[in-house]
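These notes are about the structure you will find just below.
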Amino acid sequence: MSRRPKQAAVVFVIAFAAAQLVRPERANPATEPSRTIQAHVGTANGLVAVLDRACRDCHSNATVWPWYTQIAPASWLMAHGVTKGRKAVNFSEWAAYSAEQQRLLLHPETRLSARDIETICAATHHAEANGSNR
Ligand code: HEC
């Protein structure tokens with residue numbers, strides 16, 4: 001019985017070490033400056049600064065990969081998220097989108113904030129409490 005925890009620890013260490021052999025690509029593709037959103041929207045209105053701070057790591061080719069993204073399984077999660085994020089919208093490839101797509105992608109007012117979601121949930125609970133369907 002007392003050997004169980006030790007065996008489990010050994011198995012864990014081996015699995016963790018083996019996991020490090022699976023190294024996802026953490027590459028930042030080359031960026032053509034004229035194709036970026038910076039080049040198209042300009043830096044004057046502050047939008048680009050926000051995108052750069054809040055969205056860059058998942059939605060551009062200029063991802064910053066912190067040290068822990070060298071280590072599985074964090075490396076897998078981050079690489080997966082970045083791949084998905086870049087596929088959804090890549091601000092480094094802004095020129096690839098049509099004018100219509102660009103408008104849609106940059107419509108932050110149509111997105112729900114945490115506050116909006118709270119409001120909707122609260123209203124829904126309220127409606128349920130009143131036995132109403134609407
Ligand atoms: C931690 C990674 C991450 C960050 C940070 C992030 N996103 Fe995303 N975003 C994603 C992923 C992943 C998807 C794809 C979602 C899917 O495919 O289900 C996505 C999808 C999108 C889409 C397209 C999907 C839709 O809802 O129509 C837009 C637009 C978008 N993100 C904008 C932004 C903006 C603007 C920011 C910064 C304020 C941001 N994202 C920050 C990961 C991220």
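Give me Y97, Y68 sorted ascending by neighbouring Cβ count inside 10 Å, so fewest comes first.
Y68, Y97
Positive end of the dipole of the chain, charges at C-beta (+1 Lys, Arg; -1 Asp, Glu), about the Cα centre: which of H107, Q7, A39 has its Cα farthest in that direction?
Q7
Based on Cβ point charges of +1 for Lys and Arg and -1 for Asp and Glu, what charge dipole magnitude is obtained for the chain about its Cα centre, in debye rounded to the nearest 20?
680 debye
Given 25 °C and 0.890 mPa s, how large is the Stokes-Einstein diffusion coefficient of region 3-96 in µm²/s, with Rh as the Kirkwood radius over Cα pairs?
It diffuses with D of about 161 µm²/s by this estimate.
Computed from the coordinates by the stated procedures, all read-outs in this text should not be read as laboratory data. As the structure is a prediction and not an experimental result, all values here were calculated from the model. Heads up, the Cβs are rebuilt from the backbone with ideal geometry, glycines too, and the neighbour counts pull from every protein chain shown.
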